[in-house]
Amino acid sequence: MTKILSLTATLLVLQFNISAKILDYKTTRLKSTGGAGVASLLMDEATILNPAPIAFFNMSSVYLEQTKADNTDLNDSPIGNSTNYAVIASDSSKALKGSISYVKAKSGEENYKQISTSFASTIGRKSSLGFTYQDMKREDIYLGVKEKSDYQQVNIGVFHAITPNFSLGLVAMDPFEKSPNNTKAVLGMQYQFQQYISLMLDAGANYNEEISENSLWRAAIQFRVLSDFYLRAGMYDDQIALESGSGFGLSWIQPKLTLNFAIRNISLKESIDLKQVEQDIKETSFSVSYRF
């Protein structure tokens, strides 16, 4: 039955203009690591990935990003492109740390907007707990039909530094099941060698479904080059979103200013439930973060 529905969808796609898929938002750094970083000590990603690590910072920051994506079908023919902009403001100078982000993406007549806020606090000398609230609005076109959706979700994150070089993280995304196909738990780890090489690994699943068919993994490596530059590469396979890919990026990090660049290649599988057709996506992303 599933094969019949898939074939029907494929035939119907030929009768309509295929729109470029707008993916869920990732920062430039997360694009370079294939999304890995649940156990990384990150600040600008508090509203996007794990909200807990921001509790260990003591500063404020403003983050600006622009990403462009080119979509092609199985014959390498262009089927559209998309652009997204993101603004993230964070304040971790108080006892209760927090961050707020606004993301806007557009692809033809498709639109995506996301407003998120997060809060975190330490729960010990080496551990922290954080919460994120996300409000998302989508206007998708699938098989020639335009559909609007508006949903909200809460994410819960935990971070624990076992040693200065080894950390663990856990994120429960949408545990109250308010968003379509977004309930999952992801466990992450990061290990750093001599402050020059970092290894990141995330693994998770939709615990409400058959785990073997609804799991994901992400793996990445980071190299510190000279004293200011960081090279990253990562790859991932997400059976929940039916996408896989790889990323590469470079960052120039100063005490107050950080510049990030990343390229991510993604392959999407066809899914009627996810309202997506099989296509390849190449993202190019640039961001700047100023801390004070």
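The values are calculated or read from the model by the stated rules, or taken from the named source; none is laboratory data. As the structure is a prediction and not an experimental result, all values here were calculated from the model. Don't worry about glycine lacking a Cβ; one is built from the backbone with ideal geometry, like all the others, and counts go over all protein chains shown. We work out accessible area using only protein heavy atoms, side chains counted, and drop any ligands, DNA or RNA first. Shrake-Rupley method; radii C 1.70, N 1.55, O 1.52, S 1.80 Å.
For the residues 157, 130, the requirement of being more than 19 Å from residue 238 (Cβ to Cβ), touching a residue at least 24 places away in the same chain (Cβ under 8 Å), in contact with a Pro (Cβ under 7 Å, 6 or more places away or on another chain) and not in a loop (DSSP other than H, G, I, E, B) singles out 130. Scanning segment 112-126 for residues that are of a type outside the set (Val, Ile, Thr) and without any contact (Cβ under 8 Å) to a residue 60 or more places away in the chain yields 113, 124, 125, 126. Assess whether residue 116 counts as being part of a strand (DSSP E or B), hydroxyl-bearing (Ser, Thr, Tyr), modelled with pLDDT under 95 and out of contact with any helix residue (DSSP H, G or I) (no Cβ under 6 Å at 6 or more places or on another chain). Here the answer is no, as residue 116 does not meet what is asked.
Return yes or no: is residue 81 over 20 Å from residue 136 (Cα atoms), outside any loop (DSSP other than H, G, I, E, B) and open to solvent by 70 Å² or more (accessible area, probe 1.4 Å)? In short, yes. Being in a strand (DSSP E or B), acidic (Asp, Glu), touching a residue at least 40 places away in the same chain (Cβ under 8 Å) and farther than 29 Å from residue 259 by Cβ is a property that does not hold for residue 150.
For segment 182-211, a tally of residues being within 28 Å of residue 224 (Cα to Cα) and in a strand (DSSP E or B) returns 16. Yes or no: residue 224 closer than 24 Å to residue 168 by Cα, basic (Lys, Arg) and open to solvent by less than 50 Å² (accessible area, probe 1.4 Å)? When the stated conditions are applied, residue 224 does not pass them.
Which of the following residues is surrounded by 24 or more Cβ atoms within 10 Å (Cβ to Cβ), at pLDDT 95 or above, aliphatic (A, V, I, L, M) and under 20 Å from residue 168 (Cα atoms): 88, 54?
Checking each option against the conditions leaves just 54.
With (1) open to solvent by 50 Å² or more (accessible area, probe 1.4 Å); (2) modelled with pLDDT of 50 or more as the list, and residue 33 as the residue in question, which single condition is left unmet? All conditions are met except number (1). For residues that are in contact (Cβ under 8 Å) with a residue 60 or more places away in the chain and surrounded by fewer than 22 Cβ atoms within 10 Å (Cβ to Cβ), scanning just segment 252-275, find the one that is nearest to residue 216 (Cα to Cα). The extreme case among them is 268. Within segment 112-131, the set of residues being of a type in the set (Gly, Ala, Ser), over 11 Å from residue 96 (Cβ atoms) and surrounded by fewer than 18 Cβ atoms within 10 Å (Cβ to Cβ) comprises 124, 127.
Filter segment 67-78 down to the residues that are outside any loop (DSSP other than H, G, I, E, B), open to solvent by 70 Å² or more (accessible area, probe 1.4 Å) and farther than 11 Å from residue 105 by Cβ and list them by number. Answer for segment 67-78, where residues must be outside any loop (DSSP other than H, G, I, E, B), open to solvent by 70 Å² or more (accessible area, probe 1.4 Å) and farther than 11 Å from residue 105 by Cβ: 70, 78.
For segment 134-141, does any single residue satisfy the condition of being part of a strand (DSSP E or B) and among the basic types (Lys, Arg)? Yes: segment 134-141 contains one or more residues that are part of a strand (DSSP E or B) and among the basic types (Lys, Arg).
The single condition among (1) more than 14 Å from the chain's Cα centre (by Cα); (2) surrounded by 15 or more Cβ atoms within 10 Å (Cβ to Cβ); (3) part of a strand (DSSP E or B) that residue 231 does not satisfy is (2).
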